[in-house]
Amino acid sequence: MSEDFDLLVIGAGPGGYACAIRAARLGLKTACVDERATLGGTCLNVGCIPSKALLHATALYEAATGGHMADFGIRLTEASVDLEALMGKKDEIIGSLTRGIDFLFRKNGVTRLTGRAVFQDDKTVSVGDRRVRARSIVIATGSAPRAIKSVVVDNASGVIVDSTGALSLPRVPGHLVVVGGGVIGLELGSVWKRLGAQVTVIEHEAKILPGMDGDVRSEMAKILDREGMTLLTSASVTDVSISNGRAEIKLTQAGASKTVDADTVLVATGRRPVTAGLGLEAIGIKVDERGFIPVDGRCRTQAENIYAIGDVTPGAMLAHRAADEGIAVAERLAGLPGAINHALIPSVIYTLPEAASVGMNEEALVQREIPFRKASFPMAANSRAKANDSTAGFVKLLAHRDTGVILGAHIVGALAGTMIAQLAQAMEFSATAEDIAYTSHAHPTHSEAVKEAAMALLNAEIHI
Ligand code: NAI
């Protein structure tokens with residue numbers, strides 16, 4: 001039987017849609033199937049994009065009400081939030097982006113299929129009543145919030161919610177308890193805190209943001225604490241129940257039991273890969289003990305001509321990792337080299353200030369006994385951060401002790417997420433401290449802090 005398509009991509013998130021568009025542009029007859037009515041997956045619909053719209057809007061509100069504007073002599077007689085209008089604007093932004101992917105599919109000739117895809121064999125997938133055959137298939141089904149045992153999330157009620165529910169709460173909770181001091185907890189906790197909620201974060205590790213560089217974790221904890229977010233660390237939630245429309249959270253901290261109550265609980269304890277109902281057994285793919293689809297360095301699964309990319313595979317659950325893998329797979333299918341450097345995938349937390357990193361952190365270098373030197377440059381000594389009166393954070397660079405090659409970069413700062421791109425690029429080209437220090441950086445910019453940190457690695461810093 002002949003195939004309908006050269007490539008079928010299952011999932012239209014950032015990994016799947018990027019893969020489909022790249023493949024179509026390279027001349028492959030391509031289809032992309034998703035069961036959601038709109039394209040863009042979690043990221044565009046209920047993840048990266050709506051959360052950033054809310055973070056942006058609430059940062060404006062905080063600047064107006066928290067004294068930042070007043071410090072510059074800008075006096076507002078009244079500032080208030082119309083939550084419905086805010087959510088409407090967020091939905092408008094989502095709509096314009098998801099329709100944009102539709103447009104890109106049409107422009108590039110990607111066939112869009114809507115429905116649930118189920119493998120029948122290694123070349124056939126059913127989508128509703130239709131059977132679709134493809135020479136190669138990419139699984140890009142992403143991830144979903146991971147629940148904690150015995151806690152029932154009900155986004156509609158607005159009492160115990162996950163990240164999806166926390167993007168659309170009907171009112172600002174008086175007290176929001178966030179279970180999990182990771183990326184989602186801190187970003188969405190920040191949104192509701194800026195809108196007036198009292199926010200308590202319960203994190204079972206000793207510090208928030210596991211996986212980040214230790215200095216970033218400490219600095220972020222210090223800043224969030226100073227801003228009034230309550231951080232309960234080394235604390236484990238044992239039960240969450242609802243009584244009289246409020247949530248009761250039982251936890252243990254340092255051996256003691258505590259009960260906290262809240263209007264809303266956000267469960268943000270990580271995400272799990274989505275593979276249920278895909279029919280993987282029909283093609284002989286076995287998931288690993290955590291439910292991920294095992295792949296090799298080229299995104300190949302155990303089944304021939306079937307690939308998996310992004311959150312459904314082990315690795316950082318980041319939209320840009322998925323997109324980069326999708327593009328690489330499409331290029332390889334079209335006979336191009338298709339490269340991706342998994343060691344240099346930046347990660348960003350979009351709080352204020354932002355935190356961002358790329359490459360290895362100090363703890364990993366110590367553990368792997370790689371000789372290194374380090375330098376940090378405080379944003380408080382950066383003239384642009386001073387001019388903006390937003391001086392929290394630092395740029396920390398880690399370089400190989402002998403060669404000076406940059407091995408890791410960690411930034412806390414208002415524009416950390418944008419600044420990290422320069423370092424990812426430099427590290428991709430194996431830049432040394434000298435390469436960065438002797439590259440001209442425009443003045444006055446936040447990025448000069450990167451140059452100064454590199455100069456500090458050479459004992460040549462100017463402003464500290
Ligand atoms: P996460 O893995 O970043 O953080 C989960 C946190 O919950 C960890 O700190 C963990 O120690 C803690 N935890 C787990 N069980 C707990 C319990 N029972 N009690 C207390 N604490 C507990 O997961 P998160 O924030 O849910 O995000 C999921 C994924 O989505 C992450 O991989 C993240 O990278 C990705 N994401 C990325 C964003 C970005 O790049 N800006 C934004 C949002 C999500």
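The helices (runs of 4 or more DSSP H) found entirely in region 6-108 that carry 1 or more residues being among the acidic types (Asp, Glu) and in the same structural domain as Val118 (by TED's automatic domain parsing) are 48-65, 68-71, 83-108.
Taking each residue of region 91-120 that is free of Cβ contacts under 8 Å to residues at least 12 places away in the same chain and looking for partners that are charged (D, E, K, R) with beta-carbon atoms closer than 9 Å, six or more apart or interchain, yields Arg106/Arg112.
Checked against the criterion of being open to solvent by 50 Å² or more (accessible area, probe 1.4 Å), touching a strand residue (DSSP E or B) at 6+ places or on another chain (Cβ under 9 Å), within 13 Å of the ligand (Cβ to nearest atom) and not in a helix (DSSP H, G or I), region 216-234 contains one or more residues that satisfy it. Residues that are away from the ligand (no atom under 16 Å from the Cβ) and of a type outside the set (Phe, Trp, Tyr) are absent from region 346-357.
Within region 270-284, the set of residues being in contact (Cβ under 8 Å) with a residue 12 or more places away in the chain, surrounded by fewer than 17 Cβ atoms within 10 Å (Cβ to Cβ) and of a type in the set (A, V, I, L, M) comprises just one member, Ala282. Residues in region 158-195 that are assigned to a helix (DSSP H, G or I) and in contact with a helix residue (DSSP H, G or I) (Cβ under 6 Å, 6 or more places away or on another chain) were compared, and the one that is farthest from the ligand (Cβ to nearest atom) is Arg194.
For every residue, the table says whether it meets (1) of a type in the set (A, V, I, L, M); (2) surrounded by 14 or more Cβ atoms within 10 Å (Cβ to Cβ); (3) touching a helix residue (DSSP H, G or I) at 6+ places or on another chain (Cβ under 6 Å).
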position: Thr42; (1), (2), (3): no, yes, no
position: Val46; (1), (2), (3): yes, yes, yes
position: Lys52; (1), (2), (3): no, yes, no
position: Ala57; (1), (2), (3): yes, yes, yes
position: Thr65; (1), (2), (3): no, yes, no
position: Gly73; (1), (2), (3): no, no, no
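Filtered by the rule that a residue be more than 12 Å from the ligand (Cβ to nearest atom) and either outside any strand (DSSP E or B) or within 18 Å of Gly180 (Cβ to Cβ) (or both), region 249-260 gives Ala254, Gly255, Lys258, Val260.
Taken over region 391-403, the residue count meeting the criterion of being surrounded by fewer than 19 Cβ atoms within 10 Å (Cβ to Cβ) and either touching a residue at least 24 places away in the same chain (Cβ under 8 Å) or in the same structural domain as Leu224 (by TED's automatic domain parsing) (or both) is 4.
The values are calculated or read from the model by the stated rules, or taken from the named source; none is laboratory data. Computed from a predicted structure; not experimentally measured. When we count neighbours, we look across all protein chains shown, and the Cβ atoms used for this are built from the backbone with ideal geometry, even at glycine. Side chains are part of the model used for accessible areas, which takes the heavy atoms of the whole protein and leaves out ligands, DNA and RNA. Shrake-Rupley method; radii C 1.70, N 1.55, O 1.52, S 1.80 Å.
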